[in-house]
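*Asks:* Pasting a structure below so you can have a look.
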Amino acid sequence: MKDYLQYYIKSNILIIKRKAYFSKSFIMEICADIINIIFALLFYQILYLNVGKGLGIPISDLFILVLSVKLTGDLYNLFFGAGVQSLPYHIQYGTLDGLLIKPFNIFFLMYLSKLNWKCLANLIIDIFLFIILISRYEIAVSLVSVLSYMAMICFTTLIFTAFNILIYLGSIIFVRLDAFISLLSSFFTLSTFPAAIFRNSFLKWVFIYLIPVIVIGNFPLMVIRREQKGSLFVIALTITLLFSLLAYWGTMSMLKHYKSASS
Amino acid sequence: MSSYYIGLGKQTLKQAMVYRTNFILSFLVILIPLTGELLLAKFVYANGYQIGTWQLNNLILYYISATVVSEFFAIGTWWDIGNDIKYGGLNYHLIRPYSYFWHNFVSYYVLKLVYIVFAIIVAYIAMVIFSGNFIPNIYPLSLLQFAILALIAAPLAFLITFFLSILAFFFTDIDFISKMLGILLPFISGNILPLDIFPATIQKVLIKLPSAYLVYYPSCILVGNYDWKEFFSLIIEVLLWLIFFWILTSILWFRGRKIYEAIG
């Protein structure tokens, strides 16, 4: 455990040194993310000005929905994103060899060992936006609802990570799957929409259990709005376990087929 | 000289056809967020509300048109031009007897044409699913107006792209411009929401920006919202933007060539 911690700290200090070197681009990227989230919030603000209650839920809930999706995305990118997204590169250019010979768990090396420091700044922005939102719309929060919300965000982050691992594992079969990855990832843009718009029950089922789009944004919202029943956490836990196990099994199976050096 | 551009067009077409699956998948990526917007719009109308002055069928047609049009008249930085300047590949083009601008214009729009063919097929399917109509409710007059506008909007879109790409003469990294435009454009061009439902002050600014003439107005024309008088004043405004960017790009190209060191 000590070795793992040392490796984790050392490798991520090196990453932050590199980031500091390219500080201009680092700041620009953060600015782009801020503009992105402002526009996402403006989208609902403008719609709300036009149709008011026609959106079905209060504007504050829509903002929580958008921020929850951003929070999940930022947590994924902070802890797992860099590792998961480098998987096709490792397979295409054979650099996975370098990881396989290291005396650490391969799952840790591939997905968990790299931090994306930019997302740490994003997390601070997210917290700041949440504080503004809660005070502006006088949303009643208690310690229990905050803790439940954070637990649900942990679930959604794990689900999102496992889903992405499963997508990127496709690179063992297809050499170029950029467009396919973009296609599957683009489904998660739907997570910023309220679950009520998916009126077809089959569509709803698909977007909860197969491509867990509804889980990512709507489940945390339901928790903070205290609409949660025990069953919501049971569903979230089941999906988390299912996708995590699939991702682990998929990775281990993929390693058996890995042929090394630009395979 | 025209035979060179025709040959270049044919060659680009062949290359583009190799990546046809990629084109379809790329367009599906754009279609998924659109699905969310359309489902949301249908939900609002089902609750008895209306977005601005838009009827649901018109709004669906607007959204689908805007998605296709925003791909055809896309603006951003073009990788080929930026790299030519950054890595010295521009030398190869400068010593040849053709215009670098028109060379890239042909390659750019041939690729776009292939993409748009697949985009129209996918968009048509989306329209049938969401509106239930097999024949889109587009008037022949609207198609004619759209074709005329497209003749000006296409060079304008490419001029802006060319202008942004040759900023590589002055900056080492222009990727950021592309990223920022990727965030700003869908919103300010009317791709995500029609510009006429924005608050009045923001609307006044946005409808005069060149991005509106590339997405919002062409989509509105297809939905059938314009008489000829309005249309001609619109054409004059687009032409003014075209002239403005032509002058700006010429100045930038001239200055950029002066400082270009022809090394990688």
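*Asks:* So what is the 222 nm mean residue ellipticity for the protein assembly as shown from helices alone, if each DSSP H run of at least 4 adds -39500 (n - 2.57) and you divide by all residues, rounding to the nearest 500 deg cm²/dmol?
*Replies:* Taken over the protein assembly as shown, the calculation gives -24000 deg cm²/dmol.
*Asks:* Can you give me the orientation-averaged projected area of the convex hull built on the Cα atoms of the stretch A:143-263, in nm²?
*Replies:* Averaging across all directions leaves 8.5 nm² for the Cα convex hull.
*Asks:* How many nm separate the modelled label positions at A:Lys102 and B:Ile95, each set 7 Å beyond the Cα in the direction of the Cβ?
*Replies:* It is 4.6 nm.
*Asks:* Per residue of the stretch B:242-248, in order, report the coupling 6.51 cos²θ - 1.76 cosθ + 1.60 (Karplus, θ = phi - 60°) as ³J(HN,Hα) in whole Hz, putting x for Gly and Pro.
*Replies:* 4, 5, 4, 6, 4, 5, 4
*Asks:* Sort A:126-135, B:158-167, B:89-98 by packing, meaning the average of other beta carbons within 10 Å per residue, with the highest value first.
*Replies:* Listed from highest to lowest mean packing, they are B:158-167, A:126-135, B:89-98.
*Asks:* Cα atoms only: what Rg and Dmax, in Å, come out for chain B?
*Replies:* Expressed in Å, the Cα Rg and Dmax of chain B come to 19.6, 64.
*Asks:* Also: Among A:Ile132, A:Leu120, A:Ile106, which residue has its Cα furthest toward the positive end of the charge dipole of chain A, with +1 on Lys/Arg Cβ and -1 on Asp/Glu Cβ?
*Replies:* A:Ile106
*Asks:* Same structure again: What translational diffusion coefficient, to the nearest whole µm²/s, does the stretch B:139-264 have by Stokes-Einstein, given a Kirkwood radius computed over alpha-carbon pairs, a temperature of 10 °C and 1.306 mPa s viscosity?
*Replies:* 99 µm²/s
*Asks:* Could you estimate the translational diffusion coefficient of the stretch A:92-183 from the Stokes-Einstein equation, with Rh from the Kirkwood formula over C-alpha pairs, at 4 °C and 1.567 mPa s, in whole µm²/s?
*Replies:* D = 77 µm²/s.
*Asks:* May I pose another question? Could you size up the charge dipole of chain A around its Cα centre, putting +1 on the beta carbon of Lys and Arg and -1 on that of Asp and Glu, and report it in debye to the nearest 20?
*Replies:* That gives a dipole near 300 debye.
*Asks:* Here's a follow-up. Which shape class, rounded, prolate or oblate, goes with the stretch A:1-81 when its Cα gyration tensor gives a ≥ b ≥ c as root eigenvalues, a/c under 1.5 marks rounded, and past that a/b bigger than b/c marks prolate?
*Replies:* oblate
*Asks:* Along the charge dipole of chain B, pointing to its positive end and built from +1/-1 on Cβ of Lys, Arg, Asp and Glu, which listed residue (B:Leu111, B:Leu8, B:Ile60) has its Cα farthest out?
*Replies:* B:Leu8
*Asks:* Relative to the Cα centre, what is the charge dipole magnitude of the stretch A:68-204, using +1 at the beta carbon of each Lys and Arg, -1 at the beta carbon of each Asp and Glu, and rounding to the nearest 20 debye?
*Replies:* 140 debye
*Asks:* What's the extension gain from B:Trp102 to B:Ile148 if we count 0.36 nm per residue and subtract their Cα-Cα distance?
*Replies:* In short, 14.5 nm is gained.
*Asks:* On to the next question. Provide Rg over Rh for the stretch A:1-147; use the alpha carbon set for both Rg and the Kirkwood Rh (inverse mean inverse pair distance).
*Replies:* Dividing the radius of gyration by the Kirkwood radius yields 1.08.
*Asks:* Please state the relative contact order of chain B as a whole percent: Cα pairs under 8 Å, 6+ residues apart?
*Replies:* Contact order relative to length: 30 percent.
*Asks:* Along the positive direction of the dipole of the stretch A:1-117 (beta-carbon charges: Lys, Arg +1; Asp, Glu -1; about the Cα centre), which of A:Thr72, A:Gln92, A:Ile59 reaches farthest?
*Replies:* A:Gln92
*Asks:* So, one more: Given a cut-off of under 8 Å on Cα pairs at least six residues apart, what relative contact order in percent is computed for chain A?
*Replies:* Relative contact order here is 27 percent.
*Asks:* Something else about it: For the protein assembly as shown, state what percent of all Cα-Cα pairs lands in each successive 10 Å bin, counting from 0 Å until the bin that includes the largest distance.
*Replies:* Spelled out per bin, shortest first, that is 3, 15, 25, 27, 19, 9, 1, 0.
*Asks:* Over the stretch B:159-256, what relative contact order in percent results from Cα pairs under 8 Å that are six or more residues apart?
*Replies:* Value for the stretch B:159-256: 38 percent.
*Asks:* Rank-order B:121-128, B:69-76 by packing density, defined as the average count of other C-beta atoms within 10 Å over each peptide's residues, highest first.
*Replies:* Result, highest mean first: B:69-76, B:121-128.
Laboratory data are not the source of any read-out in this text; all were calculated from the coordinates shown. All values reported here derive from a predicted model rather than from experimental measurement. A quick note on method: Cβ atoms are made from the backbone with ideal geometry, for glycine too, and the neighbour counts reach across all protein chains shown.
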